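Let me begin by presenting the structure, written as structure tokens, before commenting on it.
Read-outs throughout are calculated quantities, based only on the coordinates presented, and are distinct from any laboratory measurement. What you are looking at is a predicted structure, and each value in this text was computed from that prediction instead of being measured. So basically every Cβ, Gly included, is an ideal-geometry build from the backbone, and we count neighbours across all protein chains shown.
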Amino acid sequence: MNPAPLDLVDAGPRPARASRLRDLVARRPEAITFVLLVAICVAVSVANPAFLQASSLIDIGRASVVMGLFALGVFVILAAGGIDVSFTAIAAFTMYSLTVLVSKHVPGLPMPVIVLMAMAGGALLGTVNGLLVHHLRVPSLIVTIGTQYLFRGFLLSFIGTVWIMSLPPQMGAFGRMPLLQFEAASGATITLPMYFLVLPAAALVTWWILNRTLMGKAIFAVGGNAGVAARLGYNLRTVHVFMFAYAGALAGLAGIIHTCANRQSNPFDLVGTEINVIAAVVLGGARITGGTGTVLGTLLGVLLVVVVNSVLVLVGIPSTWQRVVVGGFILLAAAFFVTCQKKS
């Protein structure tokens with residue numbers, strides 16, 4: 001009996017491998033994000049060992065905090081099948097309003113109170129989003145595009161347009177407070193700020209809400225099918241208000257950290273970062289249609305976007321081309337995820 005041709009012998013394992021890859025993407029999409037992140041880091045570190053220096057890694061950590069807080073809020077809304085593009089306007093509104101308030105009216109306000117006020121203000125604006133989404137019964141994208149312009153317009157018209165270059169002392173001190181500090185070989189002082197701890201703390205709280213509470217189950221149920229979730233007894237109004245208020249609170253927190261870290265308050269800041277944040281959440285494995293995703297995947301997606309941006313700066317890509325490269329990368333990666341998920 002003649003042996004089977006070589007191409008027939010090898011034909012079996014290839015579809016099996018492809019099937020296993022699709023299954024992995026469907027079940028654990030954050031694993032693919034992690035592999036992609038590691039591959040990029042290894043390739044860049046081989047080409048330029050300076051990438052793995054402590055200073056570069058700490059810069060990546062610092063850059064991940066504000067984007068990570070935004071992304072956690074976006075993920076909660078995305079898990080319920082919605083989308084929010086007003087979070088940067090909420091952050092700008094709260095951070096600038098509070099800076100003006102503390103600078104001109106209550107200069108002795110303690111920093112913990114300022115942080116809590118930022119979160120409360122963000123939650124209030126987020127609640128406006130949630131109520132509008134529920135009662136108008138239109139897509140949340142349309143609502144939050146409108147409120148984005150509303151919040152920014154109110155800020156610029158009634159609160160101020162002037163950059164505040166000198167922050168109140170307690171805000172400046174919070175931005176400089178070190179968690180880890182050491183001297184590099186070059187003699188420069190490398191500092192990991194204390195506010196970095198806010199991101200893992202927020203991630204843990206978000207994970208607990210989504211995985212250990214009835215509200216988390218309701219959010220994923222609404223993302224799977226809102227009609228079925230309502231018939232099962234979930235209160236859609238409560239879900240909408242909670243998730244937008246929670247995302248708003250994280251946006252307010254991100255805004256005050258952004259101001260303290262940059263040691264200035266600019267009402268025009270953060271414009272245009274919405275797409276990067278939403279892309280990070282999608283690259284972390286969350287579907288736009290809702291019902292899926294993990295907090296770990298969201299954080300990995302944030303790291304992926306931050307690392308890609310850092311690599312472009314490191315290799316000297318002009319700023320005019322960085323958006324082109326990042327946009328192309330996001331399209332390719334997202335197309336890979338969507339293709340694998342459709343075939344699974």
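Multiply the residue gap between W163 and L131 by 0.36 nm, knock off their C-alpha separation, and tell me the result in nm, one decimal place.
Full-extension gain reported as 8.3 nm.
Suppose R0 equals 22 Å. What FRET efficiency, 1/(1 + (r/R0)^6) with r the Cβ-Cβ distance, do T213 and L179 give to the nearest 0.05?
0.15
Through the Karplus equation 6.51 cos²θ - 1.76 cosθ + 1.60, θ set to phi - 60°, convert the phi angles of segment 146-151 into ³J(HN,Hα) values in whole Hz; use x for Gly and Pro.
Karplus-based 3J(HN,Hα) across segment 146-151 equals x, 5, 4, 5, 4, 5 Hz.
Note down the nm distance, to one decimal, between modelled labels 7 Å out along Cα→Cβ at R28 and at Q322.
Each label point lies 7 Å from its Cα, and together they span 3.4 nm.
Using 0.36 nm per residue of separation minus the Cα-Cα distance, give me the extension gain between L156 and L124 in nm, one decimal.
Full extension from L156 to L124 adds 9.7 nm.
Skipping prolines and chain starts, which residues have an amide H placed within reach, meaning under 5 Å, of the one on I83, given they are 5 or more residues away or on another chain?
S140, L141
What is the angle, in °, between the Cα long axis of helix 54-79 and the longest principal axis of the Cα atoms in the chain? Nearest 10 is fine, range 0 to 90.
On a 0 to 90 degree scale, this one is about 90.
Which percent of Cα pairs goes in each bin when the distances of segment 175-228 are cut into 5 angstrom slices starting at zero?
All Cα pairs, binned at 5 Å, distribute as 4, 16, 14, 13, 10, 9, 8, 8, 6, 6, 3, 1, 0 percent.
For the chain, compute Rh as the Kirkwood radius over C-alpha pairs and then the Stokes-Einstein diffusion coefficient at 20 °C and 1.002 mPa s; write the answer in µm²/s, rounded to an integer.
99 µm²/s
Can you give the angle from 0 to 90° between the axis of helix 198-212 and the longest principal axis of the chain, with both taken from C-alpha atoms, to the nearest 10?
Rounded to the nearest ten degrees, it is 60.
Lys and Arg at +1, Asp and Glu at -1: add these up for the other residues within a Cβ distance under 13 Å of V133 and post the number.
So the environment of V133 carries a net charge of +1.
Could you calculate the contour length gain from V138 to N48, that is, 0.36 nm times the residue separation minus the distance between their Cα atoms, to one decimal place in nm?
Going from the current span to full extension adds 27.5 nm.
So what's the angle, to the nearest 10 degrees on a 0 to 90 scale, between helix 236-262 and the longest Cα principal axis of the chain?
70 degrees
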